[in-house]
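> Would you mind keeping the following structure in view while I ask a few things?
The values are calculated or read from the model by the stated rules, or taken from the named source; none is laboratory data. In this text the structure is predicted, and so the values were computed from the model without any measurement. Cβ atoms come from the backbone with ideal geometry, glycine included; neighbour counts cover every protein chain shown.
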Amino acid sequence: IKPTFAHAAPIARLPDDRAFLDDLLAGFAKPQKSLPAKYFYDAAGSDLFEAITRLPEYYPTRTELRILDDHGTEIAASLAPGAALVEFGSGSTVKVRRLLRHLPDLRAYVPVDVSESFLRSEAAALQADFPHLAIAPVAADFTRDFDLPDSLGDSPCAGFFPGSTLGNFEPAEAIRLLRQFGATLGQGATLVVGIDLVKDKAVLEAAYDDAAGITGAFNLNLLARINRELSGAFDLGSFAHRAVFNDHDSRIEMHLVSRQAQAVSVAGRTFRFADGESIHTESSYKYTIPGFRRLAAEAGWSPLQVWTDPDALFSIHALRC
Ligand code: AVJ
């Protein structure tokens, strides 16, 4: 098996701008206006997210990296020998590198990401550092069903889903996604998944409302993106960033709150906002270890092992289906 990224075909999908407008129209028609969090990540938004991961208040990224550094050998040992490792939403390869160094016999690394250009450059950089690793990238939206490369043959599969990205999905959607991962990876597969944990409300809220205002800029960039891509007329100064922990649903919610009554046009339509009315832009669910295991069990995954940092801020689970 040799690297196949040069030949990886893009998966057909709805043109992004039409999907964006459809999602905006659906979200703005609801009593609580909302937008899907996945639209945060245009080029500017991805740069802002990178900056968030370095903020003193934003503990998840550095804590997960620490767990990978402290327990990488054991985490890698939870995978079947000679498995192909599929990363869902691979983005930058910073985290998987922590596993790859403990996996000399990996059959292949299969990064899955919507951004084909990012996939290509990350695969090339990874290949330079791991010359013997077979890399078989797939350009696909991992939330939809996709096929693994034929080159994997019938080798056992393992999945990697770090970053607590699963926390962005409503529990019912998270179960559906975990079930889909099981169907893609096959019976007996291991899934290594990063999950942020419930903790003190002040710590959670600071992580999503930092003193430097980077998370606010990240949130407001969604309106800037609407202006750029959908001929929107949002005045960014008349919306405020708000992040609150919703205890009842165990999730951080990010909102953009209208500072005044106003009408805003997007793609030729007019949307009205009352003073103080918000757009719900993101939910980031926080789990307890048993709570996450219950969710995973509903999707057909049983717990193998769990690792946390000394302060129990974050968790990495190995599951078996
Ligand atoms: C990338 C979804 C894990 O929920 O913590 C960071 C995104 N939003 N700050 C998270 C995010 C605001 C992040 N995830």
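> Can you pull out the helices (runs of 4 or more DSSP H) entirely within the range 141-229 that have at least 1 residues that are within 25 Å of G72 (Cα to Cα) and more than 16 Å from the ligand (Cβ to nearest atom)?
Of the helices (runs of 4 or more DSSP H) lying wholly inside the range 141-229, those with at least 1 residues that are within 25 Å of G72 (Cα to Cα) and more than 16 Å from the ligand (Cβ to nearest atom) span 171-185.
> Which one of the conditions (1) within 12 Å of the ligand (Cβ to nearest atom); (2) not in a helix (DSSP H, G or I) does F49 fail to meet, given that it meets all the rest?
Unmet for F49, out of (1) within 12 Å of the ligand (Cβ to nearest atom); (2) not in a helix (DSSP H, G or I): (2).
> I would also like to ask the following. Working only within the range 58-82, note down all residues that are of a type outside the set (A, V, I, L, M) and not in a helix (DSSP H, G or I).
Listed by number, the residues that qualify are Y58, Y59, S78, P81, G82.
> Yes or no: the range 244-251 includes at least one residue that is within 16 Å of the ligand (Cβ to nearest atom) and either of a type in the set (S, T, Y) or touching a Cys at 6+ places or on another chain (Cβ under 7 Å) (or both).
Yes, because at least one residue in the range 244-251 is within 16 Å of the ligand (Cβ to nearest atom) and either of a type in the set (S, T, Y) or touching a Cys at 6+ places or on another chain (Cβ under 7 Å) (or both).
> I'd like the full set of residues that are hydrophobic (A, V, I, L, M, F, W, C) and closer than 23 Å to L65 by Cβ, limited to the range 150-173.
Answer for the range 150-173, where residues must be hydrophobic (A, V, I, L, M, F, W, C) and closer than 23 Å to L65 by Cβ: A158, F160, F161, L166, F169.
> A further question follows. Among (1) free of Cβ contacts under 8 Å to residues at least 12 places away in the same chain; (2) in contact with a strand residue (DSSP E or B) (Cβ under 6 Å, 6 or more places away or on another chain), where does E277 come up short?
(1)
> Any idea how many residues of the range 257-284 are among the charged types (D, E, K, R) and within 16 Å of the ligand (Cβ to nearest atom)?
Within the range 257-284, residues that are among the charged types (D, E, K, R) and within 16 Å of the ligand (Cβ to nearest atom) number 1.
> For the range 31-73, name all the residues that are buried (at least 19 other Cβ atoms within 10 Å of the Cβ) and among the acidic types (D, E).
Across the range 31-73, the qualifying residue is only E64.
> Would you point out which residue out of R320, R294 is under 19 Å from G182 (Cα atoms) and surrounded by fewer than 16 Cβ atoms within 10 Å (Cβ to Cβ)?
R294
> Let me ask another. Could you grab the pairs with beta carbons closer than 6 Å, sequence gap of 6+ or different chains, first residue in the range 198-219 and over 25 Å from H248 (Cβ atoms), second one surrounded by fewer than 18 Cβ atoms within 10 Å (Cβ to Cβ) and among the small types (G, A, S)?
Qualifying pairs under 6 Å: I214/A51.
> Confirm whether A76 is of a type outside the set (D, E), over 18 Å from H255 (Cα atoms) and at pLDDT 95 or above.
Yes: the conditions hold for A76.
> Considering every residue within the range 236-257, establish whether at least one is more than 20 Å from the chain's Cα centre (by Cα), crowded, with 16+ Cβ neighbours inside 10 Å and assigned to a loop (DSSP other than H, G, I, E, B).
Within the range 236-257, not a single residue is more than 20 Å from the chain's Cα centre (by Cα), crowded, with 16+ Cβ neighbours inside 10 Å and assigned to a loop (DSSP other than H, G, I, E, B).
> Take L55 and tell me if it is in contact (Cβ under 8 Å) with a residue 24 or more places away in the chain and outside any loop (DSSP other than H, G, I, E, B).
Against the criterion (in contact (Cβ under 8 Å) with a residue 24 or more places away in the chain and outside any loop (DSSP other than H, G, I, E, B)), L55 does not qualify.
> To continue, here is another question. Confirm whether A212 is over 30 Å from S121 (Cα atoms), hydrophobic (A, V, I, L, M, F, W, C), surrounded by fewer than 16 Cβ atoms within 10 Å (Cβ to Cβ) and modelled with pLDDT of 95 or more.
yes
> Quick check, is I289 within 16 Å of the ligand (Cβ to nearest atom) and not hydroxyl-bearing (S, T, Y)?
Against the criterion (within 16 Å of the ligand (Cβ to nearest atom) and not hydroxyl-bearing (S, T, Y)), I289 does not qualify.
> Among the residues of the range 19-37, which ones are assigned to a helix (DSSP H, G or I) and in contact (Cβ under 8 Å) with a residue 24 or more places away in the chain?
Residues satisfying the conditions are F20, L21, L24, L25, G27, F28, A37.
> Could you grab me the full set of residues in the range 52-65 that are away from the ligand (no atom under 12 Å from the Cβ) and of a type outside the set (K, R)?
Correct list: P56, L65.
> Here's another thing I want to ask about it. If I go through the range 111-123 residue by residue, how many of them are within 20 Å of R144 (Cα to Cα) and out of contact with any Asp or Glu (no Cβ under 7 Å at 6 or more places or on another chain)?
So the answer is 5.
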